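Taking it in order: structure first as structure tokens, then the write-up.
The values are calculated or read from the model by the stated rules, or taken from the named source; none is laboratory data. What you see is a predicted model; the values in this text were computed from it and never measured. Ligands, DNA and RNA are stripped out before the accessible areas are found, and what is left, the full protein with its side chains, is counted by its heavy atoms. Shrake-Rupley method; radii C 1.70, N 1.55, O 1.52, S 1.80 Å.
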Amino acid sequence: MGAVAASARLTWAAGVVAPRPGERVLEVGCGHGVLVALLAERAGAVVGVDRSPTMVTAAGRRNRAAVEAGRVRVQAAALHEADLGPHPFDAVVSFNVRALSDPGQEETWDVVSRVLAPAGRVVVAFSVMTPGVEDDVVATVARLGGARGLAVAAVHRGETAPFPSAAVELRRPAAADRG
Ligand SMILES: C[S@@+](CC[C@H](N)C(=O)[O-])C[C@H]1O[C@@H](n2cnc3c(N)ncnc32)[C@H](O)[C@@H]1O
């Protein structure tokens, strides 16, 4: 790691996800593609999806070499409309994306559950900008994931600036038992 210029929060998130060589990672709401770039330093393949074409253009530009090498793919689409291919993902990741952390996001979570590998993990990361937000997000994510057979395996906290960060990690219980 270290070649990508990145904020403390996204560097922290990449460490939480900690992709292993060969793993396939999906980032929802990838924005400018900074976390995509950090994940691609370790993962086998990274797919970034963002509903904003402007963001996806920037993400593609930032990750051009990895896109050309076939290790990164970026796509302009809302997650529930994205073409994610036939292969499952070992990790599904988001940072500050309300489509995963707000109540009522059933459609998005249906897709997350469908594309996640049986032993895969979901990491919903967010900036803790106001007191109490962390408990609300953890409860919401636990409910949305729980309805799809995913359980909270850990809540990670990072002393990042200007805001602290947190991330809810979910796994299917059988996978969590295996550690
Ligand atoms: C606050 S930005 C965060 C961007 C980046 N993850 C970061 O932390 O810098 C949220 C991003 O999520 C995207 N987004 C929101 N809902 C989405 C959805 N349902 N599917 C894909 N992208 C979505 C937005 O277009 C926006 O780029």
*Kirkwood hydrodynamic radius of segment 1-102, Cα pairs, Å*: 13.2
_If I histogram all Cα-Cα distances within segment 75-179 using bins 5 Å wide from 0, what percent of pairs lands in each bin?_
2, 13, 24, 25, 18, 13, 5, 1, 0
*asked:* Using each residue's phi in segment 127-132, evaluate 6.51 cos²θ - 1.76 cosθ + 1.60 at θ = phi - 60° and report the 3J(HN,Hα) Karplus result to the nearest Hz, with x for Gly and Pro.
replied: 7, 8, 8, 9, x, x
*Can you give me the relative contact order of segment 1-155 as a percent, contacts being Cα pairs under 8 Å and 6 or more apart?*
20
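Of the accessible area of the chain, with the probe set at 1.4 angstrom, what percent is carbon plus sulfur?
Details: 4410 of 8360 Å².
The C+S portion of the solvent-accessible surface of the chain is 53 percent.
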_Just to be sure I understand: of the beta bridges DSSP finds with both ends in segment 73-179, what percent are antiparallel, rounded to 5?_
70
*Counting helices only, and only those DSSP H runs with n ≥ 4, report the 222 nm mean residue ellipticity of the chain as the sum of -39,500 (n - 2.57) divided by its residues, in deg cm²/dmol to the nearest 500.*
-10000 deg cm²/dmol
_Assuming 0.36 nm per residue, please report the length gained on full extension of the stretch Ala78 to Glu41 beyond their Cα-Cα distance._
10.8 nm
*For the chain, with every protein chain kept in place, what is the accessible area per residue (1.4 Å probe, Å²)?*
47
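What does the extension gain come out to for Ser52 and Val133, with contour length at 0.36 nm per residue minus their alpha carbon separation? Write down the numbers at each step before the final one.
On the way: separation 81, 0.36 × 81 = 29.16 nm, distance 2.55 nm.
So the chain would gain 26.6 nm between Ser52 and Val133.
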*Which of Ala69, Ala117, Ala166 moves the most in a Gaussian network model of the chain with Cα springs under 10 Å?*
Ala69
*Provide the descending list of Cα extents for the chain along its principal axes, expressed in whole angstroms.*
39, 38, 30
